[in-house]
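Engineer: A single structure is presented below for examination.
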Amino acid sequence: MRRALTIAITIIATLGGNAQTADQFFEQGVAKGKAGDQLGAIEDFKKAMSLHPQLAVQIIERGLTMPDNGAKVAKIIAPNLVFLNDEYEAEIFLATYGSSKDMKVDLDGYNELSTASPSLVWKDGILNYSVKATHEGLQTFSGTIAEKSPSGRMLNYPFSGSYMVMKSGVVVSPTKMNVLYRGVRNPVSISVPGIAPDRVHVDAIGGTVRPDAREGKGNFIVEPTGGSEVIVKVSAETDGVIRPMGDFKFRVKEVPAPLATIAGVEEGLVSVARLAAAPTIIPKMQSFDFELYFQVTSFDLVYQVGTDLITKPVTGNKIPDSDLDLISRLEKGSRVLIENISAVMLDENNRPVQGITPKKLAPISLKLN
């Protein structure tokens, strides 16, 4: 704008005379200015003023008010989204605003059916537009700022804007189930419609919560720490203010006990050779949403040799070799029981999960064949 003003003042010195031809040069200069040909516009304006000195004032006004693209439009700085019953605020300003106090603002359009009456305050070249968002959906507004030029002519600057009004809402859902399990890295997806994931803040009462780096933004890991419920608290940052979005309660349940297996069976017939080849008790989760692993830490081995019923407590998860030797001598049809099985849940590093009570597994009843 400063460059345009300097050019316009410089060319006043070339004033001259023929009104009709001067008007033609003036219109050509305007057209070239809109097309981006600034040097061509200057030459035409020089010729216009050399033929008609009175055009100098108009050319100065043109240099003061015409942006590079030729449009006379006020600029708006405002959010695109506002929550229901919050205040929508926009700043509308003129890039060419000077010291003139002869300003007029007309608001010629806004959604009267779904919007409260707006407030308009003009100060230091900025029009502050504010209104309470009373209804959901797309809202629009428009108007005109009129400024009195040095020649006394009113210059009009139209403006228009739109924004979306929505209820403050949040979606919190466990990724794989309807409850949270103790001792498990429970994946939870959390989103607030219209809010970027990095502006959503999550905390928990009765548990811990952290971002799930593997799944990306909007995904979290929640782990209960005690009690029978976890409250997930969600807030969101909008317009520099952190607003609560809601609290969400989840019941806490214990992980179900896995099923004990040995030599590939849960119970029933098994050969001595197969038992000897796979003597380790392996717990397996049945129809569970998580991939969890348990390890047997102790059990009782029960079998009969002659008239003697042997019950041997075993530490670990494997039938000892000495007992396998005795079992191999039993007749077909003999019973072998594995009972009082205790197992611990393992974490991702194959270590027992702290704070989780070992599980008691159902016994295994085998019949040698």
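Engineer: Of the numbered conditions (1) closer than 19 Å to PHE290 by Cα; (2) at pLDDT below 90; (3) not in a strand (DSSP E or B), SER173 fails exactly one; give the number of that condition.
Structural biologist: Condition not satisfied by SER173: (3).
Engineer: Out of all the residues in the stretch 290-310, which are surrounded by fewer than 15 Cβ atoms within 10 Å (Cβ to Cβ) and free of Cβ contacts under 8 Å to residues at least 40 places away in the same chain?
Structural biologist: GLU291, GLN304, VAL305, GLY306, THR307, ASP308, LEU309, ILE310
Engineer: What about LYS253, is it modelled with pLDDT of 95 or more, surrounded by 12 or more Cβ atoms within 10 Å (Cβ to Cβ) and of a type in the set (Lys, Arg)?
Structural biologist: Considered against the rule, which asks whether it is modelled with pLDDT of 95 or more, surrounded by 12 or more Cβ atoms within 10 Å (Cβ to Cβ) and of a type in the set (Lys, Arg), LYS253 comes out as no.
Engineer: Cβ contacts < 6 Å: first residue part of a strand (DSSP E or B), restricted to the stretch 343-354; second residue hydrophobic (A, V, I, L, M, F, W, C), any location; separation 6+ or different chain. Result?
Structural biologist: Final answer for the pair search is ALA343/PHE294; ALA343/VAL296; ALA343/LEU361; MET345/PHE294; MET345/VAL353; MET345/ILE356; PRO352/VAL344.
Engineer: Could you please find all residues in the stretch 241-261 being touching a residue at least 40 places away in the same chain (Cβ under 8 Å) and part of a strand (DSSP E or B)?
Structural biologist: Within the stretch 241-261, the subset touching a residue at least 40 places away in the same chain (Cβ under 8 Å) is 242-243, 245-246, 248, 250-255, 257-261.
Residues satisfying the conditions are ILE242, ARG243, MET245, GLY246, PHE248, PHE250, ARG251, VAL252, LYS253, LEU259, ALA260, THR261.
Engineer: For the stretch 82-98, enumerate the residues that are at pLDDT below 80 and over 29 Å from the mean Cα position of the chain (by Cα).
Structural biologist: Residues satisfying the conditions are PHE93, LEU94, ALA95, THR96, TYR97, GLY98.
Engineer: Still on this model: Given the residues THR297, THR261, which is the only one that is more than 30 Å from THR225 (Cβ to Cβ) and among the β-branched types (Val, Ile, Thr)?
Structural biologist: One residue alone meets the criteria, THR261.
Engineer: Pick from SER322, SER271, SER287: which is polar (S, T, N, Q), within 42 Å of the chain's Cα centre (by Cα) and loosely packed, with under 14 Cβ neighbours inside 10 Å?
Structural biologist: Every option except SER287 fails the conditions.
Engineer: Okay, next question. If you check GLY316 against the conditions, is it under 49 Å from the mean Cα position of the chain (by Cα), more than 18 Å from VAL270 (Cβ to Cβ) and without any contact (Cβ under 8 Å) to a residue 40 or more places away in the chain?
Structural biologist: For GLY316, the condition - under 49 Å from the mean Cα position of the chain (by Cα), more than 18 Å from VAL270 (Cβ to Cβ) and without any contact (Cβ under 8 Å) to a residue 40 or more places away in the chain - is met.
Engineer: Could I ask something else about it? Given the condition acidic (Asp, Glu) and part of a helix (DSSP H, G or I), answer yes or no: does some residue in the stretch 262-272 qualify?
Structural biologist: No, the stretch 262-272 has no match at all.
The values are calculated or read from the model by the stated rules, or taken from the named source; none is laboratory data. All values reported here derive from a predicted model rather than from experimental measurement. Virtual Cβ from ideal backbone geometry, glycine too; neighbours counted across all protein chains shown.
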